[in-house]
Each structure stands twice: as structure tokens, then as C-alpha cells.
Amino acid sequence: MKIAQVAPLMESVPPRLYGGTERIVSYVTEELVEQGHDVTLFASGDSLTRARLVPCTTKALRLGDVKDPIPAHLIMLDEVRRLASSFDVLHFHIDMLHYPVIRDFARRTVTTLHGRLDLPDMHPLYSAFSDAPLVSISDNQRKPMPPVNWAGRIHHGLPQNLLRPLAARSGDYLAFLGRISPEKRPDRAIEIAARSGRELRIAAKIDKVDRDYWREEIEPLLRRHANVRYIGEIGDAEKAEFLGNASALLFPIDWAEPFGLVMIEAMACGTPVIAWNCGSVPEVVDPGVTGFVVDSIEEAVSAVSLIGNLDRRRIREVFDQRFTAARMARDYVAIYRRLLDTRQPVELSAAE
């Protein structure tokens with residue numbers, strides 16, 4: 001099958017550091033190539049892939065002096081439109097800019113929605129383009145949406161050997177990994193660590209928009225609690241050690257997270273997850289097996305005292321069963337094939 005993958009241009013594919021969407025695009029692309037498909041990736045020129053790369057910028061926009069990313073994406077979409085007839089299926093990961101472009105060949109497209117869908121401006125947009133086949137990354141992500149053409153639901157996956165449990169663990173701390181922002185609630189993580197008397201290590205990116213939150217809310221908490229260390233932003237090469245040595249990952253989010261890739265990154269390392277009952281969390285964490293789903297600080301502190309009862313080998317087994325990139329790619333191929341089979345309707349059931 002000839003497949004186009006169309007990525008955001010803010011980060012390379014895969015990203016050098018933080019970048020959930022671009023990371024998933026990379027995992028899908030490489031696994032599709034591994035499974036024998038002819039794949040073309042539209043992405044920034046500094047991307048690394050075994051697929052055919054169509055460079056749409058010299059480098060990731062994040063690394064340059066770019067104030068508005070839209071012009072670069074429109075140039076990319078014009079190239080996608082020009083080459084569209086070359087592909088059996090075109091798979092978009094850029095939210096919404098492409099909808100007018102794909103009107104004439106929408107039945108050969110899939111759009112994975114990676115972000116939040118609970119903003120009021122989304123309703124008129126998706127009502128206007130209700131024919132575009134969409135994929136959600138969790139069931140919960142769909143709740144705010146108007147009636148649209150759902151092609152399936154596909155949970156994210158990771159390459160099976162990207163992260164593995166450590167042969168010998170040397171740490172005994174709680175981990176927070178991701179981004180410093182109000183909705184990620186690092187303040188909750190700090191309070192959980194303080195109340196449980198455990199060390200907390202925070203590996204997180206700080207975006208420009210969140211720098212005031214960092215300075216005014218989080219940095220003072222770090223100064224107040226000697227058991228909390230901020231170690232900065234880390235990449236894939238450092239995650240296995242950071243997560244593998246942790247007693248548990250804290251995921252104390254305060255918003256409807258569409259998926260939460262860090263949860264399955266921890267599971268790949270055999271590390272249990274203590275996560276708030278919000279967004280996709282109940283779909284990802286198996287309570288008492290891969291971690292605990294909590295509704296309060298008190299429940300989270302209690303969960304910290306129970307993590308030693310969980311079998312880290314079993315956590316890895318669940319990852320292997322549910323959250324590999326190979327499974328994710330197979331699920332997407334099943335959707336591609338059903339979309340191209342004119343004997344079946346466009347409205348499709350969720351892929352498992």
C-alpha cells in the first residue's frame with residue numbers, strides 16, 4: 001500500500017526532545033515501513049526516517065526564528081495536494097488546516113486528532129467538514145465532539161524495544177515527566193511526594209507560555225521542599241534510566257488528556273503509574289495491575305504506599321499486549337483498507 005504520512009512542522013520526526021505528536025508519527029511511519037508498505041513522510045528536512053522523506057522546511061520550525069507556523073504548513077499542503085494521486089491513503093496529523101484541501105479525495109484520507117477537542121470553536125469546524133474520516137486516540141477524547149465521521153479509535157503505541165525494564169534498578173524515587181504547565185499539575189506531584197515522604201524527580205520542558213507559572217508557582221515549591229529535584233528536559237535516550245529507576249510515575253493531570261504517552265513509556269519500563277481519573281487515564285491504566293487511578297491527593301498518597309505490591313514484570317507484559325507500535329500500525333492499516341473498500345460504508349467501528 002502507498003501511504004503518505006503528513007506531520008506537523010514544529011518538531012522534527014522524531015523530535016529531538018519533547019514532541020508527542022511527532023514521536024507518534026515517527027513510530028507509525030517506521031512500523032509501516034517495517035510491515036512492507038511504501039511510505040512517504042511529509043515533514044521537516046531534519047527528520048530521520050526509512051520512508052521516503054519530502055522535506056517541507058529545512059529544519060523543525062521550533063529551532064528557527066519562526067513566529068507563525070501556518071505559512072510553512074500551507075506550503076506543505078500544496079505539495080501534498082500536488083502529489084495526492086500518488087498515494088492509496090493520506091494520513092494527516094496536523095489537526096485541521098488540510099480539510100479544504102482534501103475535499104475531492106477525503107475518502108482516501110485519515111486524520112488522527114492528537115489534541116484537545118473540548119474548545120467551543122471546534123463544533124462549527126467539524127460540522128462543516130463532517131465527511132473527513134477521523135481517528136481518536138482515546139474514547140474519552142470524542143466526548144465533546146459533534147457528530148462526525150469516526151473511522152476508529154486507536155490507542156498510541158511505542159516500538160517494542162525503545163524502552164525496556166532495567167536489569168538492575170538503583171533508584172527509589174517518584175517521577176514526573178513531560179511539561180511544566182497548570183493542566184499537568186506538577187504542584188500536585190510535589191504535594192504527593194511531600195506527604196508520602198518520598199523523593200520526587202521532575203524531568204520536564206518549560207514552554208514560553210508557562211514560564212510565569214514556573215517562576216511564580218513551581219519554583220518556590222522546589223525551594224520549599226528539599227526532596228524535590230528538577231532535572232530539566234530529557235530525550236528518549238535518557239527515559240529508560242529515568243523511568244526505569246523510578247518507583248512510580250506520577251501523572252496528576254487536571255484536564256481531559258487525549259492519551260498521555262508518558263503513561264505507556266513508564267509501563268514499557270515496568271514502572272507503575274499513579275494517575276488522576278481524568279481524560280484517557282481509565283482506558284490506559286489497569287488499576288492494581290499497571291498502577292492506580294486516583295481522585296484526590298489522599299488517594300494518591302495511599303497509592304504510593306501500595307506500589308511495592310505491583311509486579312513490574314506484569315506491567316511490562318501488559319505493555320507488550322496493548323501498547324506496541326506494531327499493534328498501532330496494524331490498527332491503522334485495517335482502517336486504511338476499510339476506507340478503500342467501497343463495499344463497506346465510510347462510518348467504521350473503532351479499531352481495538
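Mind telling me which of 147, 282, 15 comes out most flexible in a GNM of the chain, alpha-carbon contacts under 10 Å? Evaluated over the chain, the most mobile residue of the options is 147.
Between residue 219 and residue 341, the simple spin-label model (points 7 angstrom out along Cα→Cβ) gives 5.8 nm. Using 0.36 nm per residue and subtracting the Cα-Cα separation, the extra length available between residue 58 and residue 86 on full extension is 7.7 nm.
Amide H contacts of residue 294: 275, 276, 277, each under 5 Å away and 5 or more positions distant or on a separate chain (H built 1.01 Å from N in the peptide plane; Pro and chain starts excluded).
Stokes-Einstein diffusion of the chain at 25 °C, 0.890 mPa s viscosity, Kirkwood radius from Cα pairs, rounded to a whole number: 117 µm²/s. Sequence-distant or interchain residues sharing an amide H contact under 5 Å with residue 93, placed H: which? The list, which skips near neighbours in sequence, is 6. Pairs spanning more than 26 Å between alpha-carbon atoms, out of 2/239; 143/184; 184/208; 2/143: 2/239; 2/143. With R₀ fixed at 30 Å, the C-beta to C-beta distance from residue 46 to residue 160 puts the FRET efficiency at about 0.70. Dipole magnitude for segment 173-322: computed about the Cα centre from +1 point charges on Lys and Arg Cβ and -1 point charges on Asp and Glu Cβ, it is near 420 debye.
Positive end of the dipole of the chain (Cβ unit charges, origin at the Cα centre): among 145, 72, 166, the Cα lying farthest that way belongs to 166. Taken along the Cα-to-beta-carbon direction at a fixed 7 Å, the label points for residue 229 and residue 34 span 3.3 nm. With both labels modelled 7 Å from their Cα along Cα-to-Cβ, the residue 103 to residue 131 distance reads 0.9 nm. Our summary gives segment 173-322 a relative contact order of 23 percent, counting only alpha carbon pairs under 8 angstrom and 6 or more residues apart. Using R0 = 22 Å, the C-beta based FRET efficiency linking residue 67 and residue 183 works out to 0.35. Note on the chain: with a GNM built from Cα contacts shorter than 10 Å, the maximum mean-square fluctuation among 82, 164, 316 falls on 82. Considering only alpha-carbon pairs that sit under 8 angstrom and 6 or more positions apart, the relative contact order computed for the chain is 16 percent. Ranked for footprinting exposure by Cβ neighbours inside 10 Å, fewest first, 185, 337 give 337, 185.
Can you give the calculated 222 nm mean residue ellipticity of the chain, where each DSSP H run of n ≥ 4 adds -39,500 (n - 2.57) and the sum is split over every residue, rounded to the nearest 500 deg cm²/dmol? For the chain, the value works out to -9000 deg cm²/dmol. Divide the volume of the convex hull around the Cα atoms of segment 173-322 by the residue count and you get 98 Å³ per residue. From least to most packed, judged by other beta carbons within 10 angstrom and beginning with the fewest, 265, 283 follow the order 283, 265. Look at the dipole of the chain built from charges on Cβ: of 247, 261, 47, the Cα furthest out on the positive end belongs to 47.
Placing unit charges on the Cβ atoms only, positive for Lys and Arg and negative for Asp and Glu, gives the chain a dipole magnitude near 540 debye about its Cα centre. A cut-off under 15 angstrom between Cβ atoms defines the neighbours of residue 308, and their net charge, with Lys, Arg +1 and Asp, Glu -1, is +3.
Read the figures in this text as sums done on the coordinates, not as results from a lab. These numbers were taken from a predicted model, which means no experiment stands behind them. Every residue, glycine as well, gets a Cβ built from its backbone with ideal geometry; the counts of neighbours run over all protein chains shown.
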